[in-house]
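Below is one structure; the comments refer to it alone.
The values are calculated or read from the model by the stated rules, or taken from the named source; none is laboratory data. Every value quoted in this text rests on a predicted model; they were computed, and no experiment measured them. All Cβ positions, even for glycine, are placed from backbone atoms using ideal geometry, and neighbour counts span all protein chains on display.
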Amino acid sequence: MNLSNSSISEINKLYKNKELKPSEVYEEVFTNASLSESIIHAHLKLFQEEGIEASKLADERFVKGKQLSDLDGIPIAIKDNINLKNHETTCSSKILSNYVSPYDATVITKLRNSGVVFTGKTNLDEFAMGSSTENSAFGPTKNPWNPDHVPGGSSGGSAAVVSVGSALASLGSDTGGSIRQPASFCGVVGFKPTYGTVSRYGLVAFASSLDQIGPITNSVEDAKIIFNSIKGHDPLDATSIQDTSIEIPEDKTAKVGVIKELMEDGISDESKNEVEKTIKLLEEQGNKVVEVSLPLTKMALSIYYLIAPAECSANLSRFDGVRYGSRESGETSYEMIENTRAEGFGEEVKKRILLGTYALSAGYYDAYYGQALKARSLITKDFDNIFQEVDYLISPTTPTPAFKFGEKTENPLEMYMSDLCTIPANLAGLPAISIPTGLSNQNMPLSIQLMSPARTDSSLLNFSEKLEKLVAFNQRTPLLKDMK
Amino acid sequence: MNMIPTIGMETHVELNTNSKMFCNCAVVETEVPNISLCPTCLGLPGALPVPNLKAIESITMLALSANCSITRNGMFHRKNYFYPDLPKNYQISQFDLPVGVNGSLEIILDESTETIEIERIHMEEDTGKSIHKGSGRIDSATSTLLDFNRSGVPLVEIVTKPIIRSSKEAVSYIEELRQLVIDLGISEGKLEKGNLRFDANISVAQEGDKELGVKVEIKNMNSLRSLEKAIDYEIKRQTKLIDTNKEIIQETRHWDEDKEVTSSMRSKEGSADYRYFSDPDLPNMILSEEFIDNIKKEIPILPSEKRKKVSDTGLSLSESNHLSKSEDWIYDLYLNTQKITNDSKTTYNFITGELQGQLRKVEMETLPEWFSSERLSEIITLINDNKISFTSGKEILTNLIKNDINPNEFAETNNLIQENDFDEIGKIVKDVIESNNDVVQRIKDGEDKLIGFLVGQIIKSSGGNINPSIAKDLLLKEL
């Protein structure tokens, strides 16, 4: 069978009917991983023996008819900035290359209790800082659609493994688009939930007020299943919210706004075209689509590059070589800390720590960080106002399809621009999803993004599921055929 | 020229919560290092803080008791600095929105009441402990051991305005604060255990100067005695520098307990930039009216109120202050006993002098259960009414501490009651005079010292139960 075209619910049905065993599915995804890894380098670690063992336990559960959940026996990959007990959590950084976590992140506990089989840890930009996975200390991940192109980032590994079928789904983290942008580049679905709906406990923090864990999947339905399994209030995360979901229209009565500012200069014609194509489908279905303006989205990038570095400058202070991780020697303990950080962090991470430290410094705080906080609350207010008029917002997920390696490494601002459309949802804490809709001239995937009001995650997913059917993208990376 | 010292105190109080400030680890008291740890208090990647509600209740109670305005919508900030025993290399603390601001504490200095204004009271987490080998300081240590048991223990910092004038006033302030946290039940308040740690900011200016002098921070004072000595030393040091036209450097100085001097620790302190910003891992600290009202209801009697109660019975301010800082059972025993004896001075002296002295001698920390204020007042009343001598009172007390006795009965059965009936004593006096005619003659001839002999005879023939002064008065009258 062709697993990579099967949904989690289909596979679960086969498991229950005893037509398929979790260990068989695990074997197939592991074969896919073994074949694809040398080309795309999406995994930092594959849990072969552990995976076999876990899938066999799942086999037994289905034999006894005691499945734990709809995710029982489903192989899922985890971004390597989420802690899995007794496994390395490297964050693709030299400074954590030898770090083994003594505890499970809350999302891992939940998936474990659901019977999920963990396939391995996936590559990312160091500490999730980047948009191409080129910032990994352990080498970049390649785009399964064309290895000359980047898979996006920072969850590049997590998007690539789903695209290539070496896991049925994966978890990523999204601070400024790190789930949606690579999902878009790799032609899969990426969902960033409302801030606080999924616990961050055990996710190595980049920018705490923006970070959110979410699924990368083959379909919206799969994203829904995983989201439902990992969401919920967590007493270990003081920023996690009680489950008070809000429902909004999910059918043709839903009103959709097109963000004017994300259909202008800086967005490629190909990306705009996908949005226009999708709008037509929506209108044909009977949805009302109107143009809306969010002028502050143009400032989102600047706000983000003050707030995220400021938070990361403190979040990454703990990596000092004193208690864990790599350690460089020094004459004094301070020298040791300095040498450890100088050796252990990559260039992009250092750049952001410097930027954030500067933005928080006495005399500069008010002009930079303080100002950014004020602007951020204005953006949130803008979204609140827009959502009085429309139920969903549509835009491209990325300004362009996946670019080539090295294309943007020389110009960081251009690299940062690839998160132009995704950052606003993080600043306002909104749920947002990227759905693949077509291919570019160069046969690289293109996607649209839908956003909705905070806490309307379920409605957004239901609405997206319908839209996904209208779009009927249904295309897979050619690499899959080559491998068989 | 007259020099005026100005002192501000920064005090850290370790709360006595069961668990740490931002995780469920137990607060432990042990020499065994690194046994109460978890991802959060060890700063492991991905771990998050969750505030301890009990600690927030405790600090709110302290802020209310110290007459602070309570910040209804406060928040936690990150204070960024690198130090090996600070696991995250930032401390979760509070910055511009502390729990309490603009408070005050009443203290007693000799026989007068002073008010110490409090600038702020805020919540933070403690660091781990560093043990520097080869030297006491990190820069010259050959190696450093780290113990994170203390990491994350809830701390309250109390900062006074710079208004303290002397070392004695500083000591009295710390004593008051210590008693307050003990009475509120929010800290053990033991200095020797580090439950209460204080730094002093000291400056000296010439009388009449509008501005304060250059501020020097003194650290490492581990007892009230060293606090007093360090402040006195530092005032002298700064005064001398001013007198000799030398510059006072803004710096942090270390109190050397053995040499009894302060020495420079670091002078770049003034330029430290902690890059405070609100902690994105923690929601705002919203203290509702209901929450505050509930805390108010739980506030027990405060040291200042205790003082008032005691001084209303007629004791002086310093005596009242002493009782307000004594253990509860002493304070209660005084009030209950005084109510019966109606004699505040004797009751106070008998309890704080005789009773506490005897208990110390037999190494008892509290009273036996039969020891009631009623029984104690019986002894005091017997003495006051001249029914027994003070020496007999002491003897009854010694027995009351050891055995379940009734003081009145004990006095009777042990023949401690003094004969105070003048007729009765008069008879005995007459008898003694008759049977000692020769002695009487000699007294009349001028041998005054024989009066004592006759008094002795009177007491002897009464069986020892005659008040000697009454006997002497009557004897002289008869002669």
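For the reader, a short list of remarks on this structure follows.
- Failed item in (1) within 14 Å of chain B (Cβ to nearest Cβ); (2) part of a loop (DSSP other than H, G, I, E, B); (3) among the basic types (K, R), with A:K374 passing the rest: (2)
- Evaluation of B:T337 against (1) touching a Phe, Trp or Tyr at 6+ places or on another chain (Cβ under 9 Å); (2) touching a residue at least 40 places away in the same chain (Cβ under 8 Å); (3) surrounded by fewer than 21 Cβ atoms within 10 Å (Cβ to Cβ) (one fails), failing number: (3)
- Residue satisfying all of: in the stretch B:341-371; among the hydrophobic types (A, V, I, L, M, F, W, C) and more than 11 Å from B:I330 (Cβ to Cβ); surrounded by the fewest Cβ atoms within 10 Å (Cβ to Cβ) among these: B:V362
- In the stretch A:97-147, the residues that are within 14 Å of chain B (Cβ to nearest Cβ) and not hydroxyl-bearing (S, T, Y): A:N98, A:V100, A:P102, A:D104, A:A105, A:V107, A:I108, A:K121, A:L124, A:E126, A:F127, A:A128
- Of the residues making up the stretch A:371-403, those that are farther than 30 Å from A:K252 by Cα and within 20 Å of the chain's Cα centre (by Cα) are A:A402, A:F403.
- Top-ranked residue of the stretch A:145-202 - restricted to ones that are surrounded by fewer than 24 Cβ atoms within 10 Å (Cβ to Cβ) and not in a loop (DSSP other than H, G, I, E, B), ranked as farthest from the chain's Cα centre (by Cα): A:N146
- Test: residue in the stretch A:74-85 that is in contact (Cβ under 8 Å) with a residue 24 or more places away in the chain, charged (D, E, K, R) and surrounded by fewer than 23 Cβ atoms within 10 Å (Cβ to Cβ): no
- If you filter the stretch A:335-345 down to residues that are free of Cβ contacts under 8 Å to residues at least 40 places away in the same chain and within 10 Å of chain B (Cβ to nearest Cβ), you find that the one that is nearest to B:G46 (Cα to Cα) is A:I337.
- Residues in the stretch A:420-433 that are out of contact with any Pro (no Cβ under 9 Å at 6 or more places or on another chain) and touching a residue at least 60 places away in the same chain (Cβ under 8 Å): A:T422, A:I423, A:P424, A:N426, A:L427, A:G429, A:I433.
- Among the candidates B:L474, B:L479, residue that is at pLDDT below 80, over 22 Å from B:N415 (Cβ atoms) and of a type outside the set (S, T, Y): B:L479
- Counted residues, the stretch B:78-111 - those being farther than 25 Å from B:L184 by Cβ and part of a strand (DSSP E or B): 4
- Qualifying residue in the stretch A:346-367 (condition: surrounded by 14 or more Cβ atoms within 10 Å (Cβ to Cβ), in contact (Cβ under 8 Å) with a residue 24 or more places away in the chain, of a type in the set (F, W, Y) and within 14 Å of another protein chain (Cβ to nearest Cβ)): no
- Output for the stretch A:231-263, where each listed residue is over 30 Å from A:V290 (Cα atoms) and not in a strand (DSSP E or B): A:G232, A:H233, A:D234, A:P235, A:L236, A:D237, A:A238, A:T239, A:S240, A:I241, A:Q242, A:D243
- Among the numbered conditions (1) within 14 Å of another protein chain (Cβ to nearest Cβ); (2) over 28 Å from A:G156 (Cα atoms); (3) among the small types (G, A, S), the only one that A:G429 does not meet is (2).
- Residue within the stretch A:327-334 that is part of a helix (DSSP H, G or I) and more than 9 Å from chain B (Cβ to nearest Cβ) present: no
- Any hit, the stretch B:247-258, residues being aliphatic (A, V, I, L, M) and over 22 Å from B:V171 (Cα atoms): yes
- Of the residues examined, A:K255 is not one that is within 26 Å of A:L439 (Cα to Cα) and of a type in the set (D, E, K, R).
- Considering the stretch A:230-250, and only residues there that are among the polar types (S, T, N, Q) and within 11 Å of another protein chain (Cβ to nearest Cβ), the residue that is surrounded by the most Cβ atoms within 10 Å (Cβ to Cβ) turns out to be A:S240.
- Residue within the stretch A:278-285 that is surrounded by 16 or more Cβ atoms within 10 Å (Cβ to Cβ), in contact with a strand residue (DSSP E or B) (Cβ under 9 Å, 6 or more places away or on another chain), assigned to a helix (DSSP H, G or I) and within 14 Å of another protein chain (Cβ to nearest Cβ) present: no
- A count restricted to the stretch A:203-229 and to residues that are away from every other protein chain (no Cβ under 14 Å) and part of a loop (DSSP other than H, G, I, E, B) stands at 2.
- Any hit, the stretch A:18-35, residues being under 25 Å from the mean Cα position of the chain (by Cα), assigned to a loop (DSSP other than H, G, I, E, B) and within 29 Å of A:W145 (Cβ to Cβ): no
- Selection count, the stretch A:36-56, where residues are touching a residue at least 12 places away in the same chain (Cβ under 8 Å), surrounded by fewer than 20 Cβ atoms within 10 Å (Cβ to Cβ) and over 29 Å from A:H149 (Cβ atoms): 3
- Given (1) of a type in the set (S, T, Y); (2) in contact (Cβ under 8 Å) with a residue 24 or more places away in the chain; (3) within 14 Å of another protein chain (Cβ to nearest Cβ), index of the condition B:Y90 fails: (2)
- The one condition in (1) assigned to a helix (DSSP H, G or I); (2) over 18 Å from A:T175 (Cβ atoms) that A:G363 fails to fulfil: (1)
- Residues that are more than 10 Å from chain B (Cβ to nearest Cβ), out of contact with any Leu (no Cβ under 8 Å at 6 or more places or on another chain) and buried (at least 21 other Cβ atoms within 10 Å of the Cβ) do occur in the stretch A:309-319.
- Residue list for the stretch B:10-42, restricted to those being in contact with an Asp or Glu (Cβ under 9 Å, 6 or more places away or on another chain) and at the interface with chain A (Cβ under 9 Å from one of its Cβ atoms): B:F22
- Cβ pairs under 9 Å, 6+ apart, first in the stretch A:276-288 and within 19 Å of A:S447 (Cα to Cα), second of a type in the set (K, R) and outside any helix (DSSP H, G or I): A:L282/A:K252; A:L282/A:K288
- Flag for A:S333 being surrounded by 17 or more Cβ atoms within 10 Å (Cβ to Cβ), closer than 29 Å to B:N149 by Cβ and not aliphatic (A, V, I, L, M): yes
- Residues within the stretch A:57-69 that are out of contact with any Pro (no Cβ under 6 Å at 6 or more places or on another chain) and either buried (at least 20 other Cβ atoms within 10 Å of the Cβ) or assigned to a helix (DSSP H, G or I) (or both), tallied: 5
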